[in-house]
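What follows is a set of notes on a single structure, which appears directly below.
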Amino acid sequence: MKPGKLPQGLHHLGAVVRMKEPVEILKGLFFCERGFLNANHFVLTRPYKALIDTGYLTCLEQTEKILNSLGVKFSQVRLIVSTHTHSDHIGGNRTIQKASNCRVALHPLGRKFMERKDSRSPWWSYYGHKAEFFSADLTLHDRDMLSLGDHEFMVIHTPGHAADGICLYNPKEKLLISSDALWENDLAAMTPLVEGEDCVIKARQSLESLGRLEVGLVCPGHGPCFKNAPKALVKADRRLKSYLKDPEKMARDQIKRIFIFTLMMLNNPLRQDFVQHLKSVPWFQETVDRYFNGEYEPVKRDILEELKKRGLIAEKQNRLFSTIRP
């Protein structure tokens, strides 16, 4: 089966974003690579329509176009599987539910966050992310088996980055959908003031669980699929070990990642608007208080300058831009 053709360019945040073609990773199951603001999607096209993760709320138009290129309409979706409830993974859940009355499956903690209207635990209010609560009626526990069409996946609970994080493993094809527990060359943000001071230890334990699997292909929550799982596991664990030795390094990495995400989320804001946003949400003050003795201005200035020097952000006419694909 060949995927449908996407438009040459989709408009996002005032710029044209070149979308990558969906790739069939199992029969009828397509991997749709997005960017940093949006988590990757997995789209089941037969024998029924299902999704794993739905991107960021403000990018629903793009998400819909990607699904339509595979012959899937929002109204046809029967099931959404959410690998965790961070905003870049569940942005389309409520809209797609309204269109299709589909069911949503996720870890028990994520279901509790939704039922209790808890916006801090999934980071929404903590970081000032846009997201909508949705109905969750299917619970996925560690080691449960999940059927997606003709494919069977084992659920693996992988806390650390997210308390409700899960990965999906297909033992027959040795395919791991790793969400944000494992990326090829980077590590998802640690947020200890929400996830707990032991989040790094939990993340290392999650990597240990993944390391016991026989994996031929990893499809992560961000970035392309890759084959060398052992190498990625070593890299990730090395970074986590460095965080245990130097918590300030972890905090700096957290701030850098959230700065970039925020610039995307705010549509390349004026510098003063970016600063005002930092003052309006809890995370920056809490992180700087905890790790950098409340030195807000020096931390903000130093990290923005570092990101500029590395070419990850740019500034023009007092407006801040991320150079990373959203």
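Computed from the coordinates by the stated procedures, all read-outs in this text should not be read as laboratory data. Model, not experiment: these values are computed from the prediction. Using ideal geometry, Cβ is built from the backbone for each residue, glycine included, and neighbour counts are taken over all protein chains shown.
Summary of values
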quantity: Segments 118-126, 103-111, 37-45 sorted - mean Cβ within 10 Å per residue, highest first; calculated: 37-45, 103-111, 118-126
quantity: Mean Cα-pair separation over length for the chain, i.e. relative contact order, pairs under 8 Å, 6 or more apart, %; calculated: 13
quantity: Value of D in µm² per second that Stokes-Einstein yields for the stretch 82-135, Kirkwood Rh from Cα pairs, at 37 °C (0.692 mPa s); calculated: 295
quantity: Paramagnetic label zone (point 7 Å from Cα along Cα-to-C-beta, Tyr48; backbone N under 17 Å) in the stretch 80-116; calculated: 80-82, 96-106
quantity: Spatial extent of the chain: Rg and Dmax, with the Cα atoms as the point set, Å; calculated: 19.0, 57
quantity: Helix-derived mean residue ellipticity, 222 nm - over the chain, DSSP H n ≥ 4, -39500 (n - 2.57), to 500; calculated: -11000 deg cm²/dmol
quantity: Interchain or long-range residues, amide H under 5 Å from Val104's placed H; calculated: Ile80, Asp137, Leu138
quantity: Hull shadow area, averaged, the stretch 182-257 [alpha-carbon convex hull, nm²]; calculated: 4.9
quantity: Size of the stretch 182-317 as Cα extents on the principal axes (Å, biggest first); calculated: 49, 30, 23
quantity: Highest-first arrangement of 181-188, 221-228, where packing means the average Cβ count within 10 Å; calculated: 181-188, 221-228
quantity: Between the stretch 200-231 and the stretch 121-157, the Cα center-to-center distance that results, in Å; calculated: 18
quantity: Principal semi-axes in Å for the stretch 146-199 [√(5λ), Cα gyration tensor, largest first]; calculated: 26, 12, 7
quantity: 3J(HN,Hα) from dihedral phi, the stretch 95-104, Karplus parametrisation 6.51/-1.76/1.60, rounded to Hz, x for glycine, proline; calculated: 5, 5, 4, 4, 6, 10, 6, 6, 8, 10
quantity: Hz values of 3J(HN,Hα) by residue in the stretch 105-112 - Karplus curve (6.51, -1.76, 1.60), Gly and Pro given as x; calculated: 10, 6, 5, x, 5, x, 4, 5
quantity: Peptide ranges 76-82, 52-58 listed from the most packed, as the mean C-beta count within 10 angstrom indicates; calculated: 52-58, 76-82
quantity: Simple label model, 7 Å out from Cα along Cβ direction - Asp246 to Ser119, nm; calculated: 3.6
quantity: Principal axis dimensions, the stretch 14-162 - Cα atoms, whole angstrom, descending; calculated: 41, 35, 28
quantity: Å³ per residue enclosed by the Cα convex hull of the stretch 247-322; calculated: 78
quantity: Segment Glu197-Gln76, length gained on full extension (0.36 nm per residue, minus Cα span); calculated: 39.4 nm
